[in-house]
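The values are calculated or read from the model by the stated rules, or taken from the named source; none is laboratory data. Quick caveat: nothing in here was measured; it's all calculated off a predicted structure. Methodologically, a virtual Cβ is constructed for each residue, glycine included, from the backbone with ideal geometry; neighbour enumeration extends over all protein chains shown. SASA here: full protein model, heavy atoms, side chains in, ligands and nucleic acids out. Shrake-Rupley method; radii C 1.70, N 1.55, O 1.52, S 1.80 Å.
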Amino acid sequence: MNSFDLTGKRALVTGASGGLGQAMAIGLAEAGADVVAVASSECRDTVAQIREMGRQAEWIAADLSKEELLEGVVSQAIGMIGGIDILVNNAGIIRRAPAAAHSRQDWHDVISLNLDSLFFLCQLVGNHMLERGSGKIINIASMLTYQGGINVPGYTASKHGVAGITKALANEWAGRGVQVNAIAPGYMTTNNTAPIIADENRYKAITERIPAGRWGTPDDMKGPAVFLASSASDYMNGHVLCVDGGWMAR
């Protein structure tokens, strides 16, 4: 089990104030990593839980859709914990509206955070990793990396793009010691899916289609994140790992 041990590793996790990001940050800490949590909202709970384990945990408040802030966020994180061995690009938003009525502002807001900031953070942290010849980047994709979805054209486009960026970077960086992979969560109980859960008929139809017979929880992301952040996945490059209860198999 030593290959899953993250003791001494340093992780930067975006969108870590709650939901999937918080669970993955805590999971990495449980495996031994120190963590810098980044979010536009408070990460006090995430930081408190990690510190209770005896691990170092810090918090940076930042709107990652503002490209001009990203270099400062990375520099600050490196200063806080001495470096970055693991980057988890989880921050993202979703805007729901029919494609014919999807506003330009919603489109640009979603692409800016979900895709643009993800690439530039990969680039900034990736250069830091490439200098050392080692590192793990985990991008958060979606079932809509593979499907079209309903009323979420901007989100769908961004998550297709996440898979493309993951593969493109893996092609360039795998031979230089940096593994770039992604996780595609299925239907998870988070704030983003609250409108679907509130629709009794749609919630029932989705649940019936999931072979596992249930929706995922944020804790279901811990193991996959630790795996992709650890030396156990050293020969995985450019892979999008579905954590979906079997949704894509049906």
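For the reader, a short list of remarks on this structure follows.
- Output for the range 209-238, where each listed residue is touching a residue at least 12 places away in the same chain (Cβ under 8 Å), surrounded by fewer than 16 Cβ atoms within 10 Å (Cβ to Cβ) and not in a helix (DSSP H, G or I): PRO211, ALA212, GLY213, ARG214, THR217, ASP234
- Here GLU58 does not qualify as at pLDDT 95 or above, surrounded by fewer than 19 Cβ atoms within 10 Å (Cβ to Cβ) and outside any loop (DSSP other than H, G, I, E, B).
- Test: ILE26 is open to solvent by 10 Å² or more (accessible area, probe 1.4 Å) and in contact (Cβ under 8 Å) with a residue 60 or more places away in the chain: yes
- Only a single criterion out of (1) part of a loop (DSSP other than H, G, I, E, B); (2) open to solvent by less than 70 Å² (accessible area, probe 1.4 Å) is not satisfied by VAL47, namely (1).
- Subset of the range 8-23 (residues that are within 12 Å of VAL226 (Cβ to Cβ) and either of a type outside the set (A, V, I, L, M, F, W, C) or without any contact (Cβ under 8 Å) to a residue 60 or more places away in the chain (or both)): LYS9
- Selection from the range 96-119 of residues that are farther than 18 Å from LYS66 by Cα and basic (Lys, Arg): ARG96
- Apart from one condition, ILE78 fits all of (1) among the aliphatic types (A, V, I, L, M); (2) open to solvent by 60 Å² or more (accessible area, probe 1.4 Å); (3) touching a residue at least 40 places away in the same chain (Cβ under 8 Å); the exception is (2).
- The single condition among (1) open to solvent by less than 10 Å² (accessible area, probe 1.4 Å); (2) more than 18 Å from the chain's Cα centre (by Cα); (3) farther than 23 Å from VAL180 by Cβ that GLY32 does not satisfy is (3).
- A residue that is open to solvent by less than 40 Å² (accessible area, probe 1.4 Å) and in a helix (DSSP H, G or I) cannot be found anywhere in the range 2-10.
- Just one of the listed residues (GLY148, GLY161, GLY135) is on the phi > 0 side of the Ramachandran plot and either in contact (Cβ under 8 Å) with a residue 40 or more places away in the chain or not hydroxyl-bearing (Ser, Thr, Tyr) (or both), namely GLY135.
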